[in-house]
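Participant: Got a structure here, written out as structure tokens. Questions coming.
The values are calculated or read from the model by the stated rules, or taken from the named source; none is laboratory data. Treat the numbers as computed from the prediction; the structure is a model and nothing was measured. Heads up, the Cβs are rebuilt from the backbone with ideal geometry, glycines too, and the neighbour counts pull from every protein chain shown.
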Amino acid sequence: MNDIGVILLAAGQGTRMKSSLPKVLHCLGGTPLFLHVLQTAQRLAPSTVAVIVGHGAPAVQRAYAGGDVTWVLQEKQLGTGHAVLCAKGLFQGFTGDVLILSGDVPLITESTLKGVVAHHRAQGAVITLLTASLENPAGYGRILRDSQKNITSIVEEKDAAEVQKQIREVNAGVYVVAAPFLFAALAGINNRNRQGEYYLPDIVDIGLRQGGTVATMAVDDAREMMGINTREELATMEKSLQERINRKWMAAGVTLKDPLTAYIEDGVTIGQDTVIGPNTHLCGATVIGEGCRIDGSAYLTDAQLGDQVRLRFSVVLTSCRVDNGAIIGPFAHLRPGTALGRNVHIGNFVETKEAQIGAGTKANHLTYLGDVAIGQETNIGAGTITCNYDGFHKYKTKIGDRVQVGSDSTLVAPVSLGDDVYVATATTVRHDIPDGALVFNDRQERVREGWTEQKRVKMKGTKK
Ligand code: UD1
Ligand code: CA
């Protein structure tokens, strides 16, 4: 939009959260609160975006990777009016409108923001603010109106008289203000109120006193202007965001066996006819293909699954790729750098890390595969361990195609096994093995007949 600047307020501590983390860094749907607002604001293509930071400023700045915002430090959090005033220098000579947003109102939509800017311009107003009528207005600033229904002022909950607290129309904390007026007016506000803060809403009184137009616009869906001030509000909003995301995926052809326990973050995509069981968490940039089946109790972060992948009960997948038709679990842990080819089977109590595993290979039981490249159609027996770490460095293991690794084998890296190698049960492999070879450790097997009975006789009566 033309001539629009943005000021995003994110300096407050959020005392009511009772947290060492700044409030705006608490996550909703896996994304810090203020980033929801920032991303939405950026869709308006503003000429300048100022983010006011203060409490935990370095951490807040680290949470945003983009370089297209100006961080403005508000050293002491003296109130929302003071916070906006901190950006004055940045808007020197700017004659457009400033959209002021709060970092703790994460669900505000692009269309509402565009609507309020358009309304402001159509009204020729100096200030336009977004309002909502709430069933329970507690905690919000109340909109005071005269008999003609024109806004006269905003009173904060803590300063409100009992009758004013009955008012259900509230200030959503979203404002469009003509820049020259804004910074001049802010110089005129004071902190003579119950909280001893410089209130941004006090510019309403100043605008009216100067004979300017103060316009209001009611938000269509009050849910999008809800602010987060407490953990309970955060949990409630998380739930409603979850419902919104889940409805979207069900409408797109995904079965959620229990939508109440399907936790799908915003950045996730899921293919049609995938079935998702209870207590499944899909986080980050996870991508699930078509026709997959996730039995339940799964925790996926930045995982990419092809089509027809089956995740059996209880698996954790982090930063890994899984090709079509693979079967994983129950109780498997795929760690970063895992890449599974088509139809790979990873079974019970198997852990992988930096493991490239070729098509059709199976590791079904009790195995650790770390820093390893395995070919196709290989079978890794129960209890196989890649010994990749000597306490100082990590080393690689290479295993070829069609290899049979017998149960209880240890592969001491760095080591390479060629194609068609056969590792006998309980072998410790320390040297590279050529294609087609058998490897085993010499170990004599001795049998003593009748030994058990002799032992029992000898030990009789000695048990404590
Ligand atoms: C504010 C409004 C209230 C409105 C509500 C909507 C004021 C005085 N009141 O109340 O009318 O109904 O939002 O959600 O503005 N912040 C700073 N620096 C400060 C103080 C706050 O950056 O010195 C930031 C906070 O980090 C937060 C935002 O401003 O993101 C709002 O502050 P908060 O204390 O939550 O205001 P509310 O009491 O919710
Ligand atoms: Ca708030």
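Participant: With respect to residue 72, determine if the residue is at negative phi, surrounded by 15 or more Cβ atoms within 10 Å (Cβ to Cβ) and assigned to a helix (DSSP H, G or I). Give the derivation first.
Facilitator: Working: at negative phi: yes; surrounded by 15 or more Cβ atoms within 10 Å (Cβ to Cβ): yes; assigned to a helix (DSSP H, G or I): no.
No; evaluated as a whole, the condition is false for this residue.
Participant: Go through the stretch 113-164 and give me each residue that's part of a helix (DSSP H, G or I), within 20 Å of residue 223 (Cα to Cα) and not hydrophobic (A, V, I, L, M, F, W, C).
Facilitator: Within the stretch 113-164, 114, 115, 157 meet the criteria.
Participant: Restrict the check to the stretch 280-296 and report whether at least one residue is in contact (Cβ under 8 Å) with a residue 60 or more places away in the chain and in a loop (DSSP other than H, G, I, E, B).
Facilitator: Going residue by residue through the stretch 280-296, those that are in contact (Cβ under 8 Å) with a residue 60 or more places away in the chain are 283-284.
Now drop any that are not in a loop (DSSP other than H, G, I, E, B), which leaves 284.
So far as the stretch 280-296 goes, yes, one or more of its residues are in contact (Cβ under 8 Å) with a residue 60 or more places away in the chain and in a loop (DSSP other than H, G, I, E, B).
Participant: Inspect the stretch 227-246 for any residue being crowded, with 18+ Cβ neighbours inside 10 Å, of a type in the set (Lys, Arg) and not in a strand (DSSP E or B) and give the result as yes or no.
Facilitator: No, the stretch 227-246 has no match at all.
Participant: Looking at (1) within 27 Å of residue 112 (Cα to Cα); (2) within 16 Å of ligand 2 (Cβ to nearest atom); (3) in a loop (DSSP other than H, G, I, E, B), which is the one condition that is false for residue 197?
Facilitator: Of (1) within 27 Å of residue 112 (Cα to Cα); (2) within 16 Å of ligand 2 (Cβ to nearest atom); (3) in a loop (DSSP other than H, G, I, E, B), only one is false for residue 197: (1).
Participant: Here are 236, 216: which of them is in the same structural domain as residue 124 (by TED's automatic domain parsing) and of a type in the set (Val, Ile, Thr)? Spell out how you get there, then give the answer.
Facilitator: Values: 236 fails: in the same structural domain as residue 124 (by TED's automatic domain parsing).
Exactly one residue qualifies, and that residue is 216.
Participant: Another question, if that's okay. Which one is farthest from ligand 1 (Cβ to nearest atom), of the residues in the stretch 6-40 that are in a strand (DSSP E or B) and more than 14 Å from the chain's Cα centre (by Cα)? Steps first, answer last, please.
Facilitator: So the first thing to find is which residues in the stretch 6-40 are in a strand (DSSP E or B), and the list is 6-10, 27-28, 31-32.
Those left that are additionally more than 14 Å from the chain's Cα centre (by Cα): 6-10.
Details: 6: 14, 7: 10, 8: 8, 9: 3, 10: 5 Å.
Within the stretch 6-40, the match that is farthest from ligand 1 (Cβ to nearest atom) is 6.
Participant: Can you tell me which residue within the stretch 1-39, out of those that are more than 12 Å from ligand 2 (Cβ to nearest atom), within 19 Å of residue 84 (Cα to Cα) and in contact with an Asp or Glu (Cβ under 7 Å, 6 or more places away or on another chain), is modelled with the highest pLDDT?
Facilitator: Selected residue: 4.
Participant: When the residues of the stretch 102-112 are narrowed to those that are within 23 Å of residue 199 (Cβ to Cβ) and in contact with a Lys or Arg (Cβ under 8 Å, 6 or more places away or on another chain), which ends up surrounded by the most Cβ atoms within 10 Å (Cβ to Cβ)?
Facilitator: 103
Participant: Quick check on my filter: what residues within the stretch 80-112 are within 29 Å of the chain's Cα centre (by Cα) and in a loop (DSSP other than H, G, I, E, B)?
Facilitator: The first filter runs over the stretch 80-112 and keeps only residues within 29 Å of the chain's Cα centre (by Cα), leaving 80, 83-84, 99-112.
Scanning the stretch 80-112 gives 103, 104, 105, 106, 107, 108, 109.
Participant: Checking residue 133 against (1) of a type in the set (Ser, Thr, Tyr); (2) free of Cβ contacts under 8 Å to residues at least 12 places away in the same chain; (3) in contact with a strand residue (DSSP E or B) (Cβ under 9 Å, 6 or more places away or on another chain): exactly one of these is not met. Which one?
Facilitator: Single failed check for residue 133: (2).
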